[in-house]
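Contents: one structure, followed by commentary.
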């Protein structure tokens, strides 16, 4: 297939999945773009790992498709404040499998389908649906896990306010080595600023010594990364 035809097919797929991500954003109660925002953040992280263009394309599609399973399930508890019951947690753990199926039906390539399936796998093996751990989890899925967490935390939900960017970064650091791959967290925190990294929390007064705080945070990330 000619290169221009491949590019045309990719653009068509991106438009299809962008529309689907808007539906998912509306279902989950996001006031701002979520799936398309994750796609940009994940792509930038992927670039820092020198992922090839095809792998980055699959990652972008998966980012926009990752919540389709929740739309299909259409459960009220997904948008409800408060903790989930044990039965609800078991039920919710099905959504990556349903998302994989929905992504396939919408035309996603197999790589993107698997990233949707595994975007809730944890670095330490405590994620779902397959309990993968460490490098058993494809790099793209580890990137998607971090990008999704950061984007979700820095946007308001029907049941909570948006975290500040600093609070979101602190959360990533706290769960590095447990939920998140340390190298991926370090990659996200090392990105130069761009629009999609900007959170939606109300502006607050800046802390007195931002450079020192930033240096301290990066030192912590580098130390954590050296341990894995």
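Summary of computed values
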{"quantity": "Residue check, residue 75 more than 19 Å from residue 152 (Cβ to Cβ) and more than 13 Å from the chain's Cα centre (by Cα)", "calculated": "no"}
{"quantity": "Single residue of 103, 31 found to be in contact (Cβ under 8 Å) with a residue 40 or more places away in the chain and outside any loop (DSSP other than H, G, I, E, B)", "calculated": "103"}
{"quantity": "One residue from 69, 82 being outside any helix (DSSP H, G or I) and either free of Cβ contacts under 8 Å to residues at least 60 places away in the same chain or farther than 23 Å from residue 198 by Cα (or both)", "calculated": "82"}
{"quantity": "Any hit, region 53-66, residues being at pLDDT 95 or above and part of a loop (DSSP other than H, G, I, E, B)", "calculated": "yes"}
{"quantity": "Conditions (1) more than 27 Å from residue 111 (Cβ to Cβ); (2) modelled with pLDDT of 95 or more: number failed by residue 137", "calculated": "(1)"}
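The values are calculated or read from the model by the stated rules, or taken from the named source; none is laboratory data. Predicted model only: the values in this text are computed from it and were never measured. Cβ: placed from backbone, ideal geometry, glycine included. Neighbour counts: every protein chain shown.
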